[in-house]
Amino acid sequence: MGSGIAHVSAVAGLRVVLNDLTEEKVHAGLATINGNLARQVSKSQISESDRKAALDRIHASSDYADLADCDLVIEAASESEELKRKIFSKLCPILSPDALLASNTSSISITRLASATDRPEKFIGIHFMNPVPVMQLVEVIRGIATDERTFESAKGLIEKLGKTATVAEDFPAFIVNRILLPMINEAVYTLYEGVGSVEAIDTAMKLGANHPMGPLQLADFIGLDTCLSVMQVLHEGLADSKYRPCPLLVKYVEAGWLGRKTKRGFYDYRSGVPVPTR
């Protein structure tokens, strides 16, 4: 997600600092950006000179100190509130007092995350969809303390990136994942209860509901750990049994079968051809 946000920002003419834990991770992010830009060139979506210019606007770093002059920092770490809070506690002392801070969280309370910073009025949720260069929508979520300038600045950024903003209230999982993840969780329950196989469920939803991707295939793409995290946020935040994560989803995550990123989830990707695991 971070490399995708850096990609679209650089293409839009913004100077970007791409930060990650290690030099290896940062260079992997740059390689992803370069590959995706090359794909856009091959499809005549951008020119070769646009690709080179975008790459020139990205400075890669594993040092938080290089973020000191940024006007806006967007955190795009894993969907863990504890991890995000640790990042903000280290980041805030480095930033300019005027710098805005945003989270790309897909489910966690913006108000709670803002309270872990020294600038809750300058904190906002800017939730991009994955893959960022392809998907048009960005959710904007105000925390209880977010001021008007921060809100308008976020909307202005999204417009500059050529994306469409939708404003969501600060409730668990916001709009997209409040609707999408329970559907995926129900698909896992359908598998768990033996109503259909992986292939049957995905085929049914692709051909019967005209979805471009089956729900279990989509879960693998999102990451089963992320799916579980969002369902846990919904279950804990709304205290409704309909959001209880399916035990089979929990089991897959416990096994380390997280989807495409680990080569196994509801499909096995190790041979290069996805094979259903149930």
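Read the figures in this text as sums done on the coordinates, not as results from a lab. Here the structure is a predicted model, which is why all the values come from computation and not from measurement. So basically every Cβ, Gly included, is an ideal-geometry build from the backbone, and we count neighbours across all protein chains shown.
About its Cα centre, what dipole magnitude does the chain give when the only charges are +1 on Lys and Arg Cβ and -1 on Asp and Glu Cβ, stated in debye to the nearest 20? Display every interim value, and only then the final one.
Details: 30 positive and 34 negative charges, 129 e Å.
Result for the chain is approximately 620 debye, rounded to the nearest 20.
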Quiz item: Under 5 Å between amide H atoms, partner at least 5 residues away or on a different chain: which partners does residue 103 have, H built in plane at 1.01 Å?
Solution: 75, 124, 125, 126
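Per-residue ellipticity at 222 nm for the chain, helices alone: DSSP H runs ≥ 4 residues times -39500 (n - 2.57), over residue total, nearest 500 deg cm²/dmol? If you can, show how the numbers build up before the last one.
On the way: 11 runs with 127 residues, N = 278.
-14000 deg cm²/dmol, from helical runs alone.
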Quiz item: Shape call for region 2-168 from the C-alpha gyration tensor, a ≥ b ≥ c root eigenvalues: rounded (a/c under 1.5), prolate (a/b greater than b/c) or oblate?
Solution: prolate
Quiz item: How far is helix 148-160 tilted off the main Cα axis of the chain, in degrees rounded to 10, range 0 to 90?
Solution: 70
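Averaging sequence separations of C-alpha pairs under 8 Å and six or more residues apart, then dividing by the length of region 2-168, give the relative contact order as a whole percent. Could you put the intermediate results ahead of the total?
Values: 264 pairs, mean separation 31.3, N = 167.
The value is 19 percent.
Looking only at GluC sites (Glu not before Pro) in DSSP loops with at most 10 other Cβ atoms within 10 Å, what is the longest site-free stretch of the chain?
Values: sites that count: 169, 193.
Result, exposed sites excluded: 1-168.
For region 176-276, what is the charge dipole size about the Cα centre, in debye to the nearest 20, if Lys and Arg each add +1 at the Cβ and Asp and Glu each add -1 at the Cβ?
With Lys and Arg at +1 and Asp and Glu at -1, about 240 debye.
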Quiz item: Helix 176-192 sits at what angle to the longest principal axis of the chain, using alpha carbons and giving 0 to 90 degrees rounded to 10?
Solution: 30
Exercise. Using only Cα atoms, find the angle between the long axis of helix 23-42 and the longest principal axis of the chain, and express it within 0 to 90 degrees, rounded to the nearest 10.
Key: 80
Quiz item: Short version: ³J(HN,Hα) in whole Hz for each residue of region 62-67, in order, from phi by Karplus 6.51 cos²θ - 1.76 cosθ + 1.60 (θ = phi - 60°), x for Gly and Pro, what are they?
Solution: 10, 10, 4, 4, 6, 8
Quiz item: Which residue, chosen from 17, 38, 55, occupies the Cα position most advanced towards the positive end of the dipole of region 2-168, where the dipole is computed from +1 (Lys, Arg) and -1 (Asp, Glu) charges on Cβ about the Cα centre?
Solution: 38
